[in-house]
Amino acid sequence: MKETIGKISLDYTYYPGEDLYSDGAVEDELLSIAKEYEESQWNQVIAERKSWPILYHFSHVRQNIVSWLPISKEDRVLEIGSGCGAITGALAAKAASVTCVELSRKRSHINAYRNQQCDNVEILVGNFQDIEKTIGTYDVITLIGVFEYSNGYIGSDQPFVDMLRTIRTHLAPGGRLVIAIENRLGLKYWSGCTEDHTGTWFEGLEDYPKTSSVHTFSRKEMDQLVKEAGGLSYRMYYPYPDYKFPMQIFSDERLPKEGELKELRYNFDRSRMVLFDEIRVMDSLIRNDLFPVYSNSYLLVLTREETELPEEHCIYAKYSNERADAFSTRTEIWNTKEGEKEVRKLPASPESEKFVEDLYTTYQRLQALYQNAGVQMNRCEPYTGGVKLAFCQGMTLEEELDQMLLKGQISEIIARMKSLIGIFRNAATVPFCMTEEFRKVFGEASFGRELLCPPVCNIDPVCSNLIRRENGWEMLDYEWSFSFPVPVEYQIFRLLHYYLYTSTARDALQELDLFSEAGILPEEIPVFEEMEKHFQQYIQTGRVPMRDMYDEISPGVCFDQKSLAAIQRKQDARKIQVYVDQGQDFSEDNSWHINTEDGVFEGLIDLPEHTVRLRIDPCEENCVVELKEYKLTDGREELPLPVICTGKVLYENAYYFTDADPYFLIDVPEGQKQMKLSVKIHYLGNGGLHPVGKLMGIQSDMQAQISALSGQTQQLSQKLRSDAAEMDAVKRENEALKAELVWMKEKIRQMENTKVWKAYSRIKGNK
């Protein structure tokens, strides 16, 4: 049974009748995209839907793994495990014909609809083990992300070896087998990425103790498998950051240089840890010739042993195709038949052919501008389909500055930069004026002073594009050059910016004011940053780079160095820290930590000679400390200590500390050698006032109220006593008045009984 979709033929002769594996509803979405959208729209669909499966199956970057391979229009290609056709189109564009083998009918439909304009593609739907018996030989056979599943393709005791042996029989004379596979010892797995197939951490590093359905291999193991299969030889390549989304392809003949690998945002499918600085570790591995062992992925190009490997072959490829189609390129380094190396820059899309061709004219203009200034342009000449550049050897300025940085030669770095900047300034003779061309590329830019521009401005003389020569410099790449006025200060800004901020190893230099040293005013830096933003938007017009989608598509980082540092700080925060003052006060350098068992410590603390004071920090949070033993000793006698601390007495020998800096201070008399300490620490955290503190606050409030009431009681008692004394005085006065009244009455009575009073009374009455 056969089916035709567009120009593609699908053969179901060996289809088992149902798909034996499926990603479910996501495959329906992939199929609808393949049916409804043109290839030019896929990038926008990825950006809008923010889905890992859509990115994985429809990103054009997937094609980078094969589009650099020297496949000709005479070559017949067999693509085993073609899946949803992520690379089928790239193979079809290069080859005479492509035969796909895919077990899933749904995925074969996705492939067919997305590549339906290809008239040289046939899809055989079914198990490779059944189909293999019916097919002939091919010039190129690919196993891209497939070899690790050989256990499911080949039912034998040694499926990986037998897969190689089986494929070998289908290689035409001079044919090549291309295998792309993860390295189970890849650095990304050590750093904290999950194993690509199982989604678990360290499964591959531990050699798959829980997995039997899939298996990837180290470099040594791949060598052994090829050796056991027999009759094959190969060249090894190293896709970076991995084979799924490669932006560079290295080889044993062109390994990466220190500082060259800077990609960190590449695993979109699952959350990851970041256990160390991956860029720094990769540089360390490169310095120690270990990159092949820890490369994240491998790409093997195998041939029959009797096939003579071509002397002329590609040893390196670099893609710049996350840009707009008009600027999309691929740079390759080749070993030629003459035993020399040459660089080829090629358009990565039909739209960028003119952009690449114009490099020759740019070369001529820049060469004329700088030929008397000590800067030589990398030789360029027209070449079939692009341009050919001279292969330049030597230490780049970036490598040279990094070596100076390692040696602490900061003044030498500044001097080297100033020397180069002087050359650029001397070439700037044209006054800056805003043009429409400038606005299109860089947007609006306003400066508070007059600036000069070179007649033709290469804005990309970054440190990785410059090599020192005896008589000056050689500029390797100059594709971003403009004939309209661009301030030389922007050229200088990019030189500094892309050196300082593309490696964490250069953090120390960021603290220096190198921009001012280079004559760039502080207020101009935001202007140049905005120009850079516009420039990046200009070269990416219509395309969203993968790195810009990382935060929205990937689950993100679940654990990193900051988390590790926080855990370490938390662990240290619950250790006892002992500070010693030997006459120079306390300091972190003169301190150490003591572990506790669930907050309990019992033991001796040795005192260094000449100790005059101790400071004991029980932890770095609110706490309650119970002191069971707290003494100094000279080895013979023990000296009990007064408790001087920042805490409050909770109860006998228990102290409550209300902040994250609790400590005890101890004066150490001469001759004391050790401190006996037995404590139980109750950790209360730092999340506001602990219930203990609240209770102590309530207790304190109640005590204050009791004190206030006591004062009021005393005042009342005093008033009552005063009032009682006053009443006693009134009573006494009243008694005195009563006594005086009785006395006066008695006097009157006595007076009335006298002869005189009686005579007076008779006389007064007669009147």
Condition check for Glu122: modelled with pLDDT of 95 or more and in a strand (DSSP E or B): yes
Residue that is nearest to Met236 (Cα to Cα) [pool: residues in region 254-297 that are acidic (Asp, Glu) and within 12 Å of the chain's Cα centre (by Cα)]: Glu263
Number of positions in region 480-515 that are charged (D, E, K, R) and either buried (at least 17 other Cβ atoms within 10 Å of the Cβ) or in a helix (DSSP H, G or I) (or both): 4
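Can you work out which of the residues in region 609-624 that are over 19 Å from Gln571 (Cβ atoms) and under 43 Å from the mean Cα position of the chain (by Cα) is surrounded by the fewest Cβ atoms within 10 Å (Cβ to Cβ)?
Pass one, region 609-624, residues over 19 Å from Gln571 (Cβ atoms): 609-615, 624.
Filter again for under 43 Å from the mean Cα position of the chain (by Cα), leaving 614-615, 624.
Numbers: Leu614: 23, Arg615: 15, Val624: 22.
Only one residue fits best here, namely Arg615.
Kindly state which helices (runs of 4 or more DSSP H) lie completely within region 1-79 and contain at least 3 residues that are open to solvent by less than 50 Å² (accessible area, probe 1.4 Å) and not β-branched (Val, Ile, Thr).
Numbers: elements: 25-36, 42-49, 52-58, 64-67.
So the answer is 25-36, 42-49, 52-58.
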Whichever residue in region 210-225 is open to solvent by 70 Å² or more (accessible area, probe 1.4 Å) and modelled with pLDDT of 95 or more and, among such residues, is nearest to Val161 (Cα to Cα): Gln224
Candidate set: region 396-437, residues that are within 31 Å of the chain's Cα centre (by Cα) and among the hydroxyl-bearing types (Ser, Thr, Tyr); chosen: the one nearest to Ile286 (Cα to Cα): Thr396
Matching residues, region 441-477, being open to solvent by less than 10 Å² (accessible area, probe 1.4 Å) and assigned to a helix (DSSP H, G or I): Val441, Phe442, Cys463
Count of residues meeting criterion [open to solvent by 70 Å² or more (accessible area, probe 1.4 Å) and either modelled with pLDDT of 75 or more or of a type in the set (A, V, I, L, M, F, W, C) (or both)] in region 699-713: 3
In region 321-337, the residues that are at pLDDT below 95 and hydroxyl-bearing (Ser, Thr, Tyr): Thr336
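Residue by residue, here is whether (1) touching a residue at least 60 places away in the same chain (Cβ under 8 Å); (2) of a type in the set (A, V, I, L, M); (3) closer than 24 Å to Ala229 by Cα holds:
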| position | (1), (2), (3) |
| --- | --- |
| Ile279 | yes, yes, no |
| Ser284 | no, no, no |
| Arg287 | no, no, no |
| Leu300 | yes, yes, yes |
| Thr307 | yes, no, yes |
| Glu311 | no, no, no |
| Ile315 | yes, yes, no |
| Ser320 | no, no, no |
Count of region 625-658 residues which are over 22 Å from Gly603 (Cβ atoms), surrounded by 14 or more Cβ atoms within 10 Å (Cβ to Cβ) and among the aromatic types (Phe, Trp, Tyr): 1
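Here's the yes/no breakdown for (1) in contact with a Phe, Trp or Tyr (Cβ under 8 Å, 6 or more places away or on another chain); (2) open to solvent by 60 Å² or more (accessible area, probe 1.4 Å); (3) without any contact (Cβ under 8 Å) to a residue 12 or more places away in the chain:
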residue: Glu517; (1), (2), (3): no, yes, no
residue: Pro526; (1), (2), (3): no, yes, yes
residue: Met546; (1), (2), (3): yes, no, no
residue: Pro555; (1), (2), (3): no, yes, no
Filtered residues of region 400-417 (kept if among the small types (Gly, Ala, Ser) and closer than 19 Å to Ile467 by Cβ): Ala415
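Specify the residue that is most open to solvent (accessible area, probe 1.4 Å); the eligible residues are those in region 387-419 that are in a helix (DSSP H, G or I) and free of Cβ contacts under 8 Å to residues at least 60 places away in the same chain.
Initial filter on region 387-419 (in a helix (DSSP H, G or I)): 397-406, 410-419.
In the following step, the residues that additionally are free of Cβ contacts under 8 Å to residues at least 60 places away in the same chain were identified as 403-404, 406, 411-412, 415-416, 419.
Working: Gln403: 88, Met404: 17, Leu406: 133, Ser411: 80, Glu412: 81, Ala415: 58, Arg416: 58, Ser419: 65 Å².
Here the residue is Leu406.
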Any chance Tyr294 is among the aromatic types (Phe, Trp, Tyr), under 30 Å from Arg165 (Cα atoms) and touching a residue at least 60 places away in the same chain (Cβ under 8 Å): yes
Breaking point among (1) in a helix (DSSP H, G or I); (2) closer than 29 Å to Glu48 by Cβ; (3) aliphatic (A, V, I, L, M), for Val544: (1)
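Within region 165-180, which residues are touching a helix residue (DSSP H, G or I) at 6+ places or on another chain (Cβ under 6 Å) and crowded, with 23+ Cβ neighbours inside 10 Å?
The answer is Leu177, Ile179, Ala180.
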The lone exception for Tyr383 - which of (1) modelled with pLDDT under 95; (2) closer than 20 Å to Arg330 by Cα; (3) crowded, with 20+ Cβ neighbours inside 10 Å; (4) not basic (Lys, Arg) it fails: (3)
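When only residues in region 743-762 that are among the hydrophobic types (A, V, I, L, M, F, W, C) and open to solvent by less than 100 Å² (accessible area, probe 1.4 Å) count, which is modelled with the highest pLDDT? So that I can check it myself, show each step before the final result.
Step one: of region 743-762, the residues among the hydrophobic types (A, V, I, L, M, F, W, C) are 743-744, 748, 751, 756-757, 759.
With open to solvent by less than 100 Å² (accessible area, probe 1.4 Å) added as a condition, the list becomes 744, 748, 751, 757, 759.
Working: Met744: 74, Ile748: 70, Met751: 67, Trp757: 56, Ala759: 58.
Result: Met744.
Name the single residue, out of those in region 320-376 being among the β-branched types (Val, Ile, Thr) and open to solvent by less than 30 Å² (accessible area, probe 1.4 Å), that is farthest from the chain's Cα centre (by Cα). Full working, then the answer.
At the first step, the residues of region 320-376 found to be among the β-branched types (Val, Ile, Thr) are 329, 331, 333, 336, 343, 356, 361-362, 375.
Now restrict to residues that are open to solvent by less than 30 Å² (accessible area, probe 1.4 Å): 329, 331, 333, 336, 343, 356, 362, 375.
Values: Thr329: 28, Thr331: 28, Ile333: 31, Thr336: 40, Val343: 33, Val356: 34, Thr362: 37, Val375: 37 Å.
Once the filter is applied, the top-ranked residue is Thr336.
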Test set (1) surrounded by 15 or more Cβ atoms within 10 Å (Cβ to Cβ); (2) of a type in the set (Val, Ile, Thr); (3) in a loop (DSSP other than H, G, I, E, B) - Thr200 fails condition number: (1)
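The values are calculated or read from the model by the stated rules, or taken from the named source; none is laboratory data. Computed from a prediction, not measured in an experiment: that's the story for all the values here. Neighbour counts run over all protein chains shown; Cβ positions are idealised from the backbone, glycine included. To get the accessible areas, we keep the full protein, side chains included, count just its heavy atoms, and leave off ligands, DNA and RNA. Shrake-Rupley method; radii C 1.70, N 1.55, O 1.52, S 1.80 Å.
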